[in-house]
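Working notes, beginning with the structure itself.
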Amino acid sequence: MSQDENEAKPSPTLLEESTEIFIGIVAPTGTDTDLLCKSLSVALSKKDYECEEIRLSGLIGDVPAFDEAKLPSHPRDEYIKSRQNFGNNFRKLVSLKDAVARWAIGHLLTKYRFPSGPPKPEDFLTTPPTKSPRTAYVYRSLKTPEEVKLLRDVYRERFYLIGVYTPRDFRIDRLAKEISDEQYSIDPNEARQLAEQIADRDEYERGNEYGQNVRKTYELSDIFVDASDPRKLVFDLSRFVELMFGNPFITPSRDENGMFVAYASALRSAALGRQVGASIATADGDILSTGTNEVPKYGGGAYWEGDDTDAREFHRGTDTSDDAKVRVFAQVIDRLLKTGWLDDRAIRGGSDSITESTRSGPLRTIYEDSSIDNLIEFAREVHAEMAAIIQASKHGTSIKNSTLYATTFPCHHCTRHIIGVGIKRVVYVSPYPKSLAFDLHSDSIGLTGRIPPSGGVTFDPFVGVSANRYVEFFGGRVRKDKRGVVSHEEVEARPNLPDEQFAYLLRELAEYDQLRLRMEQHNLFDRQTKLQL
């Protein structure tokens, strides 16, 4: 073929070379996501990828039924709260907890793929998308676990979720400053109070199934980064992109290895609540012991699958801890009734007993999320952190000055044991709202590197690749060719993508069509229909 013929050959279309990738960002309000997205864009540009941001909160105002007059651009607190309200109402009205993410997919389809309008599925092959295939679409910022599930269902291996950690005080200070900068007359304490309220609602909107839940969404991340250190953030994002594009010479860090072992240990648990795992390692990264939350057995350790006798919790049919807490609450109510302080008819609400009313009757709403509901005293399982400490003791292994990796922030019971055995550092992933660790032991523990004057255990959030993509990123990489020469070429590196050509594009259309149908049922494409706050 001549040089002229080469030059005349058209570049591959999206359907012929499916190299798009999709990245979700989950970050609590107050995080500097601008810096994160800019750093990510720079790292991707080195791989000849163009970055396109899709801001979910910014798209809320594009829903025709929303009254734009009620979506203020300032002050900052009203800007955030109005979009939280509208997002909640949108999700509730169409009965889809992932509605905002579906609307964002529709934005991608109409702006980047099919500017003249999405085609019908049967016409898809004759209407090829127009956007360059070497594009990374960044969905910013996701607020519910259902949004993550939707994007993973649509994009499969092409989707990566980045969880962004920033210390709470850092975020509150930043948000309070933004609020006070726009409202000069506001008192600094009032600005901080407003920032606290917004942050609390963002993390978990209690009592609203269609509300924000960044806490649960964050746990689902494929990679975790810390936005409080700009230089490290840039490094971690560059490393992530290298791993995504198959660099075979990046291996797990000590923290990544320790946390992966903790996740593997968690999978052994058959607890009726969440699975939790822990591992303990030396400063050099050598694993000393592991633990999972499981029922202990006579002779030491916990029950395993296949044991001759198996008395794990699921064999009993109910959660022993839940039953005990309900009985405690019911007992308190019963004694108040007997003193005449409460109305018996209102409490029972037709239930046969106070206990049943607490489980599923009128008392349920009072009991849920109460201090009694948060008790952790009555579980049969040994907690994962305690199990790891016990295992080390059983084998005579010293764990003084070691690091403990936990898939969940340790509870206050585990924390006192962690302090007592001389563990120096704790690394965790998921926050644990029931934990009173810092409230009870602020003299001996420090959050995010803040050590008490007299010394203490450091509790650090995990930063690195999660168990979700650990094997994919670090396993099965070819490092040399048949001659024994290093084979990884920077210019040829490309993301590890599935073989499917355009199936995910059809899934985009299908999921957006489902949203459109719900919206049409409620006349939400009619600008005369106004969705109220």
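The values are calculated or read from the model by the stated rules, or taken from the named source; none is laboratory data. Quantities reported herein were computed from a predicted structural model and do not represent experimental measurements. Every residue, glycine among them, receives a Cβ derived from its backbone with ideal geometry; neighbour counts consider all protein chains shown. SASA here: full protein model, heavy atoms, side chains in, ligands and nucleic acids out. Shrake-Rupley method; radii C 1.70, N 1.55, O 1.52, S 1.80 Å.
Worth a mention:
- Residues of region 408-443 that are closer than 26 Å to Ile372 by Cα and small (Gly, Ala, Ser): Ser430, Ser435, Ala437, Ser442.
- Top-ranked residue in region 494-515 [being under 18 Å from Tyr112 (Cβ atoms), outside any loop (DSSP other than H, G, I, E, B) and open to solvent by 40 Å² or more (accessible area, probe 1.4 Å); ranked as modelled with the highest pLDDT]: Glu511
- Test: residue in region 476-487 that is part of a strand (DSSP E or B) and surrounded by fewer than 14 Cβ atoms within 10 Å (Cβ to Cβ): yes
- Qualifying residue in region 381-402 (condition: open to solvent by less than 20 Å² (accessible area, probe 1.4 Å), over 15 Å from Leu288 (Cα atoms) and part of a loop (DSSP other than H, G, I, E, B)): no
- Restricting Gly301, Gly273 to those that are modelled with pLDDT under 95 and over 24 Å from Glu219 (Cα atoms) reduces the list to Gly301.
- Residue that is under 23 Å from Val138 (Cβ atoms) and open to solvent by 40 Å² or more (accessible area, probe 1.4 Å), where the choices are Lys92, Lys97, Lys81, Lys47: Lys97
- Residues being under 27 Å from Asn496 (Cα atoms), modelled with pLDDT of 95 or more and not in a helix (DSSP H, G or I) are entirely absent from region 207-217.
- Pick from region 233-284, criterion of a type in the set (S, T, N, Q) and in a loop (DSSP other than H, G, I, E, B), ranking: least open to solvent (accessible area, probe 1.4 Å): Ser269
- Residue in region 410-443 that is modelled with the highest pLDDT, counting only those that are open to solvent by 30 Å² or more (accessible area, probe 1.4 Å) and in a loop (DSSP other than H, G, I, E, B): Lys424
- Qualifying residue in region 266-282 (condition: polar (S, T, N, Q), touching a helix residue (DSSP H, G or I) at 6+ places or on another chain (Cβ under 6 Å) and over 30 Å from Arg364 (Cβ atoms)): yes
- Condition met for Arg359 (assigned to a loop (DSSP other than H, G, I, E, B) and over 28 Å from Tyr165 (Cβ atoms)): no
- The selection criterion, being of a type in the set (D, E, K, R), assigned to a helix (DSSP H, G or I), farther than 30 Å from Phe90 by Cβ and touching a residue at least 60 places away in the same chain (Cβ under 8 Å), does not hold for Asp202.
- Qualifying residue in region 4-19 (condition: farther than 23 Å from Lys149 by Cα, touching a Lys or Arg at 6+ places or on another chain (Cβ under 6 Å) and at pLDDT below 85): no
- Hey, Ala387 in contact with a helix residue (DSSP H, G or I) (Cβ under 6 Å, 6 or more places away or on another chain) and under 20 Å from Leu272 (Cα atoms) or not: no
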